[in-house]
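S.K.: What follows is a single structure, and I will ask about it in a moment.
A short reminder: the numbers here are calculations on the coordinates, not readings from a lab. Because the structure is a prediction, the values reported are computed rather than measured. All Cβ positions, even for glycine, are placed from backbone atoms using ideal geometry, and neighbour counts span all protein chains on display.
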Amino acid sequence: MITGFEAKGNDPGVKLRHLSQIRHATCTGPVCRRPSTQADFEHNIPYEAGGRTCMGNGGPKCRHDHRLKQHPRWNVEQLPDGGLPPALADPDRLTQVLMNLVRNAVTYTPEGGLVSIEAALDPVQPPD
């Protein structure tokens, strides 16, 4: 686990930015898949508000999600080890979303194409 490096100022510098990109291959915004190499290093607690420039207080966010996170009603949580908390979802809504994705994949895959689906159960317990 990468947690021990901290930059001295607001700019993460080359080393911290690289470590962040290794840890997160993509933007840490919800459902965003933009490569972390094309993202900003974003502080969860802003540097100006006393936030540290370290793995435990930041990570890659694409410019769109970085700006979205600045909205006053947006809240980002980060675990002490720098990871992100699991996202909990309504099982019925999740089933509906997955069925829509499968239906669209089948509908829009060219004839002779292949739709492959993989699933895994992650035994994460919801918080109390």
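S.K.: Tell me, what HN-Hα J-couplings in whole Hz come from the Karplus equation 6.51 cos²θ - 1.76 cosθ + 1.60 at θ = phi - 60° for each residue of the range 40-47, using x for Gly and Pro?
M.R.: 8, 7, 10, 7, 6, 9, x, 4
S.K.: Taking a cut-off of 16 Å between Cα atoms, list the lysines near LYS69, but don't count ones fewer than 8 places away on the same chain.
M.R.: Here the lysines satisfying the reach criterion relative to LYS69 are LYS61.
S.K.: So if each residue of separation counts as 0.36 nm, and I subtract the Cα-Cα distance between ARG63 and LYS15, what length gain in nm does that give?
M.R.: Working: separation 48, 0.36 × 48 = 17.28 nm, distance 2.02 nm.
Contour length minus the Cα-Cα distance gives 15.3 nm.
S.K.: Considering only the other residues whose Cβ falls under 12 Å of the Cβ of VAL97, what net charge follows from Lys and Arg at +1 and Asp and Glu at -1? Write down the numbers at each step before the final one.
M.R.: On the way: positive: ARG93, ARG103; negative: ASP90, ASP92.
Result for the neighbourhood of VAL97: 0.
S.K.: Let me spell out the model: positive unit charges on the Cβ of Lys and Arg, negative unit charges on the Cβ of Asp and Glu, origin at the Cα centre of the range 1-53. What dipole size does that give, in debye rounded to 20? Please report the intermediate quantities before stating the final value.
M.R.: Details: 7 positive and 5 negative charges, 46 e Å.
Around 220 debye, computed over the range 1-53.
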